[in-house]
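This report refers to the structure that appears directly beneath it.
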Amino acid sequence: MSTTAGEDLHEANRGLFSSRRVFILAAIGSAVGLGNIWRFPYVAYENGGGAFILPYLVALLSAGIPFLFLEYALGHKHRGSAPLSFARLSRRTEGLGWWQVGVCFMIAVYYAAVVAWALSYAFLSFGRAWGDDPDAYFFGDYLQAGEPGVSLDFVPGVLIPLLAVWGVLIVIMALGVQNGVGRTAVIFIPILLLAFLALVIQALLLPGAGAGLDALFAPNWSALTDPVVWAAAYGQIFFSLSIGFGIMITYSSYVKRRTDMTGSAMVVGLSNSGFEILAGIGVFAALGFMAQASGVAVGEVATSGIGLAFVAFPAIVNEAPAGALLGFLFFFSLVLAGFTSLVSILEVVISAVRDKFETSRLRATLVVTIPCALISLIGFSTASGLFVLDIVDHFINRFGILLVAVVSMLVLAWGVRALPGLRDHLNTDGSVPVRGWWIALISVVTPIVLGFVLVRELVTVIQEPYGEYPQWMLFTFGWAAAVLVLVVGFLLTRIRWRPDTPIHGRGREEE
Ligand code: PFF
């Protein structure tokens, strides 16, 4: 495949990771996020415990890794942000990339808020600022969340860490692909691993840890016949591997040509799952201790998400020997894991703006991050932030990420018939041979399974409106947000590419 001088120049300007190792660390940084630490342990516990490993592995091998191959192939072959890679494949598919960009923009707005809370809590751990009632402290004193609704009273305890998170983010993003994104991963990921290992060891030494692990790993084999359990496994794998966001398309476009992409995908996928299991062990050891200390069953204290991090964990910190250290390690790990994921979703948006408008790194960074930071600051340092976050998160994960993944698989497989070309690209330098099984998985099996997951979610959301929110809030921050990203995405395809962005170069030959 030959390249033109224009393409080479364009590519040199976009930025490159200095090595495959940096790319792999950045991809692991994206994949290992809050989902691994606060979502996986509870999803596994709730869906069969030890028996969950089977649907989880099936989902990883039948959908997660194959879809990761697809995103790597798209970005690496077509060498562009999500919209540019799709546009180079076929002009008709560009909108899929913008849809992902929209989803990423929205997620960045609230993910930054969670990272900011975790940052506060890392410091609050030392003085156990939450006192005897962490629940009342988090929702009341810390977030000052009142009744669901919209309010404009700034909460300084959130505003200050959020400003700090955005300040650091803007600097890192402005530094570019290798010096900003790559270097952050190279520094943060080993520190995260060490901090988290220290946390797991400390948690395992707590009395009652064994009971927690028993609760997590005790297999409930009958769960395997429940379709809900299988749906949970597929949902977890997609979220956890950061696929369907356009992140992996963007990152792989910064990888030098002639690189083993399939081997890289295996390393990233297995490292992410390894971290999930480690997080399961750490979190459930701590929950086992909590259950023993309060004389209840582990099931009574097991939770996930915000409740686990900001309510259950502070309670554990109150009881545990050397609790301040335990709290610091936990929240510090959340900050590191969340931050590298946040960098990756912002990169999706910045890269798209840069490609489309041929603008400098600094300008694209500012154009993206300043509005995003402002929305995040206004939305989440006020008392209504929590409710909006919960609704947006619920809807966008389902009707953003999963939906975009299914649609893109179908379009690539059946609409523009891109899979054979992408398969050949992967096989040029890949260490894992990609054959007909991959095409069968991407074009038939995975879309059917994910389609089933989505339809189930849709029925649930319609039958039982999510949470206890007023209808107008669900409508505005849930449905309207999910539709808005789609509409804005397709409108952005109307803007022409700049003359110096070669669209008709690489990969057009299969059309
Ligand atoms: N893989 C990430 C996680 O497990 O948390 C998913 C993710 C969420 C990536 C949010 C990026 C992001 F901003």
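The values are calculated or read from the model by the stated rules, or taken from the named source; none is laboratory data. Only a predicted model underlies this, so the values are computations on that prediction, with no experimental measurement involved. Backbone-built Cβ (ideal geometry, glycine too); neighbour counts: all protein chains shown. These accessible areas exclude ligands, DNA and RNA; they are computed on the full protein's heavy atoms, side chains included. Shrake-Rupley method; radii C 1.70, N 1.55, O 1.52, S 1.80 Å.
Given just the C-alpha atoms of the range 1-129, how large is their convex hull per residue in cubic angstrom?
186 Å³
Apply 1/(1 + (r/R0)^6) to the Cβ-Cβ distance of Asp135 and Leu270, taking R0 = 41 Å, and write down the FRET efficiency to the nearest 0.05. Could you put the intermediate results ahead of the total?
Working: r = 37 Å, r/R0 = 0.90.
E between Asp135 and Leu270, to the nearest 0.05, is 0.65.
Where does each of Leu70, Leu278, Leu362 land when they are ordered by accessible area, with a 1.4 Å probe and the largest first? Write out the running numbers ahead of the final one.
Values: Leu70 5, Leu278 40, Leu362 100 Å².
Descending accessible area places them as Leu362, Leu278, Leu70.
For the range 269-330, which GluC sites (Glu not before Pro) are in a loop by DSSP, counting at most 12 other Cβ atoms within 10 Å? Show your work: numbers first, answer last.
Numbers: sites: Glu276, Glu300, Glu319; in loops: none.
Sparse-neighbourhood loop GluC sites (Glu not before Pro): none present.
Give me the Kirkwood hydrodynamic radius of the chain, using the inverse of the mean 1/r over all pairs of distinct Cα atoms, in Å to one decimal.
Numbers: mean 1/r = 0.0433 Å⁻¹.
Mean inverse Cα-Cα distance, inverted, gives 23.1 Å.
Sort 256-262, 48-54 by the packing proxy (mean of other Cβ within 10 Å over each peptide's residues), most packed first. If you can, show how the numbers build up before the last one.
Values: 256-262: 16.7, 48-54: 19.9.
My ranking of the peptides, most packed first, is 48-54, 256-262.
Using each residue's phi in the range 128-135, evaluate 6.51 cos²θ - 1.76 cosθ + 1.60 at θ = phi - 60° and report the 3J(HN,Hα) Karplus result to the nearest Hz, with x for Gly and Pro.
For the range 128-135, the Karplus-derived couplings read 6, 4, 7, x, 7, 10, x, 5 Hz, x marking Gly and Pro.
At a probe size of 1.4 Å, how large is the accessible area of Tyr111, to the nearest 10 Å²?
Spelled out: Tyr111, probe radius 1.4 Å, area about 30 Å².
Show me, for the range 423-430, the HN-Hα J-couplings you get by feeding each phi into the Karplus relation (A = 6.51, B = -1.76, C = 1.60, θ = phi - 60°), rounded to Hz, glycine and proline as x.
These are the phi-based 3J(HN,Hα) values: 4, 5, 4, 4, 6, 4, 10, x Hz.
How high is the FRET efficiency from Arg456 to Thr476, r the C-beta distance, R0 30 Å, rounded to 0.05?
Numbers: r = 24 Å, r/R0 = 0.81.
Calculated transfer efficiency: 0.80.
Along the Cα→Cβ direction, 7 angstrom out, place labels at Thr225 and Phe357. What is the inter-label distance in nm?
5.8 nm
Please list Phe395, Phe188 from largest to smallest accessible area, probe radius 1.4 Å, with all protein chains kept in place. Spell out each step's value before the answer.
Working: Phe395 5, Phe188 50 Å².
Largest accessible area first, the list is Phe188, Phe395.
Quick one: what do you get for the range 227-267 if you divide its Cα Rg by 2.2 N^0.38 Å? Numbers along the way, then the final one.
On the way: Rg = 13.3 Å, N = 41, 2.2 N^0.38 = 9.0 Å.
My calculation over the Cα atoms of the range 227-267 gives 1.48.
With a bin width of 10 angstrom, please list the P(r) values of the range 217-313 as percents of all Cα-Cα pairs, from the 0 bin to the one holding the largest distance.
Bin by bin from 0 Å, the calculated values are 12, 31, 32, 17, 7, 1.
With the dipole of the chain worked out from charges on the C-beta (+1 for Lys and Arg, -1 for Asp and Glu) around the Cα centre, which of Asn220, Leu124, Leu54 lies farthest toward the positive end?
Towards the positive end, the residue furthest out is Leu54.
Give the average over all directions of the projected area of the C-alpha convex hull of the range 285-331, one decimal, in nm².
Numbers: hull surface 11.7 nm².
Averaging across all directions leaves 2.9 nm² for the Cα convex hull.
Compute the FRET efficiency between Thr428 and Val488 as 1/(1 + (r/R0)^6), taking r as their Cβ-Cβ distance and R0 = 35 Å, and round to the nearest 0.05.
0.45
Roll a 1.4 Å probe over the protein chains and send me the accessible area per residue for the chain in Å². The partial results should precede the final answer.
Working: 18770 Å² over 511 residues.
With the other protein chains kept in place, the chain gives 37 Å² per residue.
Separation between the Val296 and Arg128 pseudo-spin-labels, each 7 Å from Cα along Cα→Cβ, expressed in nm?
1.9 nm
Work out, step by step, the length gained on full extension between Ile160 and Leu57: first 0.36 nm times the residue separation, then minus their alpha carbon distance; give nm to one decimal. Kindly include the intermediate steps, with their values, before the conclusion.
Numbers: separation 103, 0.36 × 103 = 37.08 nm, distance 4.12 nm.
Roughly 33.0 nm would be gained on extension.
Suppose accessible area is computed on protein heavy atoms with a 1.4 Å probe; arrange Arg88, Arg128 from highest to lowest. Write out the running numbers ahead of the final one.
Values: Arg88 5, Arg128 90 Å².
Largest accessible area first, the list is Arg128, Arg88.
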